[in-house]
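The structure under discussion appears below in the form of structure tokens.
Values quoted throughout were computed directly from the atomic coordinates according to the rules given, and no laboratory measurement underlies them. Everything numeric here is computed off the predicted structure, so don't read it as measured data. No Cβ is skipped: glycine too gets one built from the backbone with ideal geometry, and neighbour counts run over all protein chains shown.
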Amino acid sequence: MIAGFDKGVEGMKVGETKTVEIAAKDAYGERDEKKLITMPKSQIPDADKYQVGMQVMSSYGQTFKVYKIEKNDIVFDANHELAGKTLIFDITVKSVQK
């Protein structure tokens, strides 16, 4: 669970509903340009099939988004898809378990 969500429901009672706005820093963090990874197309199997926005998985199981395609390189984005975004939830507490 993201930290901001936990803070947002603190003190709520069963049946209560409220809207919680969670800043990026309290959700998935700010976008980090250092998480853009450039790789030569020559090192990527089937590089010609990649398209901007496509999600790919590394051999280690990490997911990346194709950020940019250049003449000789592909730039991948390792940021979480929701990084840098303010999240808004409408929350209703249905029950509380301890």
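Would you mind counting up the charge near V20? Only other residues with Cβ under 9 Å from its Cβ, with Lys and Arg at +1 and Asp and Glu at -1. Once all neighbours under 9 Å are counted, the net charge is 0. When the chain is treated as a GNM with alpha-carbon contacts under 10 Å, the residue of D48, D26, D77 showing the greatest mean-square fluctuation is D48.
Using a simple charge model, +1 on the beta-carbon of Lys and Arg, -1 on the beta-carbon of Asp and Glu, nothing else, what dipole does the range 33-78 show about its Cα centre, in debye to the nearest 20? Could the numbers behind the result be given before it?
Working: 7 positive and 6 negative charges, 15 e Å.
Here the range 33-78 has a charge dipole of around 80 debye.
Using a Gaussian network for the chain with springs between C-alpha atoms less than 10 Å apart, which of these wobbles most: K34, K25, K68? Largest GNM mean-square fluctuation: K34.
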